[in-house]
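The values are calculated or read from the model by the stated rules, or taken from the named source; none is laboratory data. Everything numeric in this text was worked out from a predicted model, so none of it was measured. Glycine also receives a Cβ, built like all others from the backbone with ideal geometry; neighbour counts cover every protein chain displayed. Side chains included, ligands, DNA and RNA excluded: accessible areas come from the protein's heavy atoms. Shrake-Rupley method; radii C 1.70, N 1.55, O 1.52, S 1.80 Å.
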Amino acid sequence: MRLGIIGCGNMGGGMASQLVKNGFDLTCFDPSPQNSGKMAALGATTTTSVGALAKICDVILLSLPKAAVVEAVMAEMLPDIQAGTVILDTSTSEPATSQAMSAKGAEHGFAFVDGPVSGGPAAANAGTMTMLLGGDADAIETLRPVLDILTAKTVTVGGSGAGHAAKIANNMLCAANLVLVGEAIRLGQAAGVSPENLLEGINAGSGRSGVSEVNFPKWVLSDAFDSGFTMGLMRKDVGLALALAQSTDVDLSGFAKIADIWLNASTDISDSDDFNAIVKHNPKDV
Ligand code: NAD
C-alpha cells in the first residue's frame, strides 16, 4: 500500500506520526512549511503538490479544515488520481461534498469514503480515534489495515455522506453539552456545591455525558484548555448542523439558542481559543 496524507495539522500530523511508527511508507503534503517540515522530521516523504502525491499513492487520507478545502484539493489532484485509488476523508466535512466526490470517483475510477473522527490530536497520535464511516463496503475493507492502526473503534453508519451526517449530529451534542454542563456547574456553585463535587454527582447520574466525564475533568476544571480542537472548528461544526437541518427541513429549535451562543453571543472568546473555553462565556459578564 502506498499511503498519502493531505493536511498535516493537529489531526493529520498525529495520524502521520502513528502510521510512521507502525512502519507505513508515508507521503505527506501540507502547504504550511512548518507542518511539512514536521512530517519530514518524522521520516515521511513530502511533496510540493497534491498532484505529485496522488501520482504515487493508492490510498490517500485527507485531514482538511472544511468541505470547501476538500473540494478544492480534490479538483486540483483529480487529473493525477490513479485508477483504483481509495480516498478517505477524515475531515469534518459535509455529506453533500462526500456524495459529489464519490460520484466523481465512480466516473474516474477511484473510491471516496467519508470517515470523520473523534478523539482529538492525542487520540490521532495514539491510534485510538473513533471513526464514523460512510461509503462503499469494499473500499472500507481496502482501508482496514490503516483503520486498524488509527482507530480504537470504527462504526460504518451508511453510504456516502452518512459518516459526515453522523459526525455533525455528534458534534452538535458535544457543543450543546459544553454549554449546558457549564450552566449546571454555575447553578450548583450558586447553590453552594463545589464544581468537583457537582461533577462527581452528575457523572454518577443520568445527566452524565462525554463532556461531563472527559472534557470537564481533563480540560476545564484542570484549567488546561489544551485539547487541540479550536473554537473556530467547533463554530464551523455548529454551522454545519444548522445548514444540514435547513437542507433536510428539520426543526432544531432546542439547539438554536445554543448555536446562537456559539456563533454570535460569545464574542469574548476567539476562534483560536480551545473549544472548551465556551464554558467561560457567561451572559451575565458580557
Ligand atoms: P488544523 O488546522 O490543525 O490542520 C489542518 C491542516 O490542513 C493544516 O496543516 C493546513 O495547513 C492544512 N491545509 C489547509 N489548506 C490546505 C490545502 N489546500 N491543501 C492541503 N492542506 C491544507 O486542523 P485539525 O485540528 O487538524 O483539524 C482537521 C480536521 O479534523 C477538521 O475538519 C476538524 O474539524 C477535524 N477534527 C479535528 C479535531 C481536533 O481535535 N483538532 C477532532 C476531530 C475532527
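Here are the numbers for this structure:
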| quantity | calculated |
| --- | --- |
| Vicinal HN-Hα couplings computed from phi for the stretch 94-105 (Karplus, 6.51 cos²θ - 1.76 cosθ + 1.60; Hz; Gly/Pro x) | 10, x, 5, 5, 4, 5, 5, 5, 5, 5, 4, x |
| Highest-MSF residue in the chain out of Gly210, Gly228, Gly192 [GNM, Cα springs under 10 Å] | Gly192 |
| Extension gain, Ser270 back to Asp138 (0.36 nm per residue minus Cα-Cα distance, nm) | 43.3 nm |
| Anisotropy class of the stretch 1-89 from Cα gyration tensor, a/c 1.5 cut | oblate |
| Computed E for Val20/Glu76 - FRET, C-beta separation, R0 22 angstrom, nearest 0.05 | 0.30 |
| The chain - percent relative contact order, Cα under 8 Å, separation 6 or more | 13 percent |
| Eligible lysines near Lys38 by straight Cα distance, threshold 21 Å, same-chain separation 8 or greater | Lys21 |
| Solvent-accessible heavy-atom area per residue, rounded to whole Å², over the chain at 1.4 Å | 45 Å² |
| Top positive-direction residue, dipole computed over the stretch 207-286 with Cβ charges, set Val286, Ala241, Asn215 | Asn215 |
| Distance between modelled label sites at Ser49 and Asp251, nm, 7 Å Cα→Cβ extension | 5.3 nm |
| J(HN,Hα) series, the stretch 256-262, from Karplus relation 6.51 cos²θ - 1.76 cosθ + 1.60, nearest Hz, glycine and proline x | 4, 5, 5, 4, 5, 5, 5 |
| Residues whose placed amide H lies under 5 Å from that of Cys28, excluding near-sequence neighbours | Ile5, Thr45, Thr46, Thr47 |
| Cα gyration tensor shape of the chain, rounded if a/c is under 1.5, else prolate or oblate by comparing a/b with b/c | prolate |
| Helical contribution to [θ] at 222 nm, DSSP H n ≥ 4, -39,500 (n - 2.57), averaged over the chain, rounded to 500 | -15500 deg cm²/dmol |
| Candidates Ala103, Ala124, Ala204: whichever shows maximal mean-square fluctuation once the chain is modelled as a Gaussian network with Cα springs under 10 Å | Ala204 |
| Within the accessible area of the stretch 163-281 (1.4 Å probe), percent carbon and sulfur | 55 percent |
| DSSP bridge pairs, the chain: antiparallel proportion in percent, nearest 5 | 15 percent |
| Cα-based reach from Lys167 at 20 Å (exclusive), listing lysines while leaving out same-chain residues under 8 positions away | Lys66, Lys153, Lys236 |
| C-alpha long axis of helix 162-190 to longest principal axis of the chain, angle in ° | 20 degrees |
| Cβ-based net charge around Ser93, under 11 Å, with every Lys or Arg adding one and every Asp or Glu removing one | -2 |
| Residue-wise HN-Hα coupling along the stretch 29-38, computed from phi with Karplus coefficients 6.51, -1.76, 1.60 (Hz; x: Gly, Pro) | 9, 8, x, 7, x, 5, 5, 5, x, 5 |
